[in-house]
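The values are calculated or read from the model by the stated rules, or taken from the named source; none is laboratory data. Note that the structure is predicted; figures quoted are calculated from it, not measured. Glycine gets a Cβ as well: all are built from the backbone with ideal geometry, and neighbour counts include every protein chain shown.
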Amino acid sequence: MLPAYNAAQTVAQTVREIPGDLVDEIILVDDASQDDTVEVAESLGIRHVIRHDRNRGYGANQKTCYRKALALDADIVIMLHPDYQYTPMLLPAMASLVASGLFPVVLGSRILGGGAISGGMPVYKYLANRALTLFQNLCTGAKLSEYHTGYRAFSAEVLQALNLDGNSDDFIFDNQMLAQIIHRGYPIGEITCPTRYFEEASSINLARSVVYGLGVVGVSLQHLGSRLGLIRPTLFQ
């Protein structure tokens with residue numbers, strides 16, 4: 001599945017590297033882009049192209065993606081950003097880890113291989129990633145290398161078990177989803193993912209990054225409070 005926003009310049013390159021013998025269906029949800037993302041996607045022969053009538057947010061985009069994937073009776077759903085920041089060449093490995101039953105959730109980690117900075121990740125984003133991940137691991141009891149990757153594979157069982165519609169429509173959706181997965185005790189696998197940062201790749205600005213970071217702290221504290229039996233957040237109900 002491809003949650004898209006202003007991805008006209010990169011979606012073709014992304015789709016051409018998706019292994020056709022592995023992927024049964026490609027779903028692209030366009031969050032009211034201001035460019036020709038939908039037209040390019042349709043020209044590539046993508047069968048399932050959905051366009052939001054207005055910009056609803058990154059989390060809302062994913063909700064539409066997951067609903068459509070489950071409606072198509074998908075067994076494994078992989079989220080890949082169409083901005084070509086993550087390589088589609090890892091799709092077989094991620095799908096295999098889920099299909100084998102080893103992990104119902106697999107993340108493509110930009111941190112594991114140590115190439116985030118050399119791949120162009122801004123230093124301030126790298127440092128924020130490391131600091132937030134440390135804090136999240138302390139709060140959740142997990143040991144992930146990063147929580148902030150947009151490259152994720154899920155079994156249908158996991159997606160059906162989570163109350164995704166109750167989560168935010170904004171960027172914090174990703175972290176709420178992972179917190180719910182950890183809370184439910186699903187094991188999470190990670191695989192090294194090369195990093196590409198370039199002008200056309202999507203990225204949120206500093207102000208949105210600060211809001212996102214504060215949201216991450218809030219979700220983590222909710223998880224910690226729940227672990228300690230102090231609170232019962234609606235996030236985990």
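Checked against (1) in contact with a Lys or Arg (Cβ under 9 Å, 6 or more places away or on another chain); (2) under 30 Å from G120 (Cα atoms), T64 passes all but condition (2).
Taking the range 129-175 as the range and being surrounded by fewer than 18 Cβ atoms within 10 Å (Cβ to Cβ), closer than 17 Å to I111 by Cβ and out of contact with any Lys or Arg (no Cβ under 9 Å at 6 or more places or on another chain) as the test, the residues that pass are R130, A131, L134, F135, L138, A142, K143.
Looking only at helices (runs of 4 or more DSSP H) that fall completely inside the range 154-237, which ones have 1 or more residues that are among the charged types (D, E, K, R) and within 17 Å of M79 (Cβ to Cβ)?
Numbers: elements: 156-161, 173-183, 206-227.
Passing ranges, in order: 156-161, 173-183.
Restricting I182, I204 to residues that are free of Cβ contacts under 8 Å to residues at least 60 places away in the same chain, under 21 Å from K63 (Cα atoms), surrounded by fewer than 18 Cβ atoms within 10 Å (Cβ to Cβ) and of a type in the set (V, I, T) narrows the list to I204.
Listed here are the residues, each with its yes/no results for (1) over 15 Å from the mean Cα position of the chain (by Cα); (2) of a type outside the set (K, R); (3) under 18 Å from M1 (Cβ atoms).
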residue	(1), (2), (3)
G108	no, yes, yes
L112	yes, yes, no
K125	yes, no, no
G141	yes, yes, no
Q160	yes, yes, yes
D165	yes, yes, yes
I181	no, yes, yes
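Does the range 100-109 contain at least one residue that is surrounded by fewer than 15 Cβ atoms within 10 Å (Cβ to Cβ), assigned to a helix (DSSP H, G or I) and of a type outside the set (F, W, Y)? Steps first, please.
Within the range 100-109, the subset surrounded by fewer than 15 Cβ atoms within 10 Å (Cβ to Cβ) is 100-102.
If we keep only those that are assigned to a helix (DSSP H, G or I) too, we end up with none.
Within the range 100-109, none of the residues are surrounded by fewer than 15 Cβ atoms within 10 Å (Cβ to Cβ), assigned to a helix (DSSP H, G or I) and of a type outside the set (F, W, Y).
Name the residues in the range 1-42 that are without any contact (Cβ under 8 Å) to a residue 24 or more places away in the chain and not charged (D, E, K, R), would you? Selection gives G20, V38. A single entry from L102, L72, L2, L44 fulfils the requirement of being more than 19 Å from the chain's Cα centre (by Cα) and within 26 Å of S168 (Cα to Cα): L72.
Among the residues in the range 115-126, are any modelled with pLDDT under 95, under 24 Å from V217 (Cα atoms) and touching a Cys at 6+ places or on another chain (Cβ under 7 Å)? Quick ask: steps written out before the conclusion?
Going residue by residue through the range 115-126, those that are modelled with pLDDT under 95 are 115-126.
Checking which are under 24 Å from V217 (Cα atoms) leaves us with 116-117, 121-126.
From what's left, touching a Cys at 6+ places or on another chain (Cβ under 7 Å): none.
No.
Pairs are defined by a Cβ separation below 6 Å, a sequence spacing of at least 6 or placement on different chains, a first member in the range 109-133 that is under 18 Å from I172 (Cα atoms), and a second member that is surrounded by fewer than 17 Cβ atoms within 10 Å (Cβ to Cβ); the pairs so defined are Y126/I117. Residues of the range 179-214 that are among the small types (G, A, S) and either within 25 Å of M89 (Cα to Cα) or modelled with pLDDT of 90 or more (or both): A179, G185, G189, A201, S202, S203, G213. Residue pairs whose Cβ atoms lie under 6 Å apart, separated by 6 or more positions or on different chains, with the first residue in the range 217-237 and farther than 18 Å from G166 by Cα and touching a residue at least 12 places away in the same chain (Cβ under 8 Å) and the second among the hydrophobic types (A, V, I, L, M, F, W, C) and surrounded by 11 or more Cβ atoms within 10 Å (Cβ to Cβ), are L224/C139.
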